[in-house]
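The values are calculated or read from the model by the stated rules, or taken from the named source; none is laboratory data. This is a predicted model, so every value here is computed, not measured. Here the Cβ positions follow ideal geometry from the backbone for every residue, glycine too, while neighbour counts run over all protein chains shown.
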Amino acid sequence: MLDGISLDQLRTFIAAVDEGSFSAAARKMYRAQSVISDLIKGLEAQIGVQLFDRSGRYPKLTPEGEVLLIDARCIVSGVDFMKARARGMSSGLESELSVVVDVFFPLEAMTSAAKAFREQFPGTPLRLFVEALGGGYKPVLNGSAGIGILGSLPDMPASLTGERLTGVSLVMVAAPDHPLAQFEGMVPKAELTKHVQLVLTDRSELSKGKEFGVMSPSTWRLGDLLAKHAFLLDGLGWGSMPSHVVERDIREGRLVRLNIEDVPPDGLALPMFGVYPIASPPGPAGRWLIERLKNLCPAKLAASRLKD
């Protein structure tokens, strides 16, 4: 008998609970109260459990009814989700959107866009991966990510194309007790060679043989930006970091910004792109996300600079 349970019965059960009475549920569902009562009685008969205690003026959920109400809500919401996803698929909407994000990309912009994405595409799950340098391009190349929010490489793979989103400022920093932090004024390039530079390494082969901003022959290479940040704070070397990551550290004296010869006062600019295969451009959800980030990034980056 359980196989004969209908969505109509479950929706009626939920409405009776939410509205507080069978009569209120009838008004909400534009049905006669007798129909509501019959649907719930039929549901109780099919499952062999009394859902409501009807001894008082208003029906009250039984303990069993309270437990089964949770199941009813899950079933109804699951079916509604499936219907919404099916409607999206029939209109060309992605069944899910996999995105790989550069570790240098500002999280404030990404989380704000993700929140709006959930509102805009409730039936499209978002899968997010974080990678560094060429490691972000691999998932786009092998198809495990539909789009990448990535920093530029000297040579982008020929099968990919990119749309400019924003630029991230990279600043040179060291701990306050590091010898380079003791310089007053500009630090000569020759002085950099005497100290360990902390460098983010590329775990992919895409940038093999290429160096990004390496100015010292003595380097420690780390595969994780958080580890590099921790090493900088502990005075284990000097190096570049996204300005939005270290602004508070600089402001509160945990790191010192280095004024290095031939490096622009505002830091080095790392362009960020929305990257995808030329042969398979993003669908409606991916296109929406790229456009959202184009509009959102300048405001979010400015806001991050104003935070205390």
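Numbers at a glance
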read-out: Residue list for region 1-22, restricted to those being loosely packed, with under 15 Cβ neighbours inside 10 Å and among the polar types (S, T, N, Q); value: Ser6
read-out: Any hit, region 58-71, residues being out of contact with any strand residue (DSSP E or B) (no Cβ under 8 Å at 6 or more places or on another chain), hydroxyl-bearing (Ser, Thr, Tyr) and surrounded by 15 or more Cβ atoms within 10 Å (Cβ to Cβ); value: no
read-out: Residues that are out of contact with any Pro (no Cβ under 8 Å at 6 or more places or on another chain) and among the β-branched types (Val, Ile, Thr), drawn from region 243-298; value: Val245, Val246, Ile250, Ile260, Val263, Val275, Ile278
read-out: Test result for Val101, in contact with a Leu (Cβ under 9 Å, 6 or more places away or on another chain), surrounded by 17 or more Cβ atoms within 10 Å (Cβ to Cβ) and part of a strand (DSSP E or B); value: yes
read-out: Total residues in region 248-271, condition at pLDDT 90 or above and either under 17 Å from Ala109 (Cβ atoms) or out of contact with any helix residue (DSSP H, G or I) (no Cβ under 8 Å at 6 or more places or on another chain) (or both); value: 5
read-out: Check on Leu301, farther than 12 Å from Val173 by Cα, surrounded by 14 or more Cβ atoms within 10 Å (Cβ to Cβ) and at pLDDT below 90; value: yes
read-out: Candidate set from region 86-103 (those that are farther than 30 Å from Gly135 by Cα and touching a Pro at 6+ places or on another chain (Cβ under 9 Å)); member that is modelled with the highest pLDDT; value: Ser91
read-out: Neighbours by Cβ (under 7 Å, 6+ apart or cross-chain): first from region 99-127, within 24 Å of Met241 (Cβ to Cβ); second of a type in the set (Lys, Arg) and crowded, with 19+ Cβ neighbours inside 10 Å; value: Pro106/Lys300; Glu108/Lys300; Ala109/Lys300; Ser112/Lys300
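Residue by residue, here is whether (1) basic (Lys, Arg); (2) surrounded by 13 or more Cβ atoms within 10 Å (Cβ to Cβ); (3) more than 30 Å from Phe273 (Cβ to Cβ) holds:
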{"residue": "Ala26", "(1), (2), (3)": "no, yes, yes"}
{"residue": "Gly42", "(1), (2), (3)": "no, yes, yes"}
{"residue": "Ala45", "(1), (2), (3)": "no, no, yes"}
{"residue": "Met82", "(1), (2), (3)": "no, no, yes"}
{"residue": "Ala113", "(1), (2), (3)": "no, yes, no"}
{"residue": "Ala116", "(1), (2), (3)": "no, yes, no"}
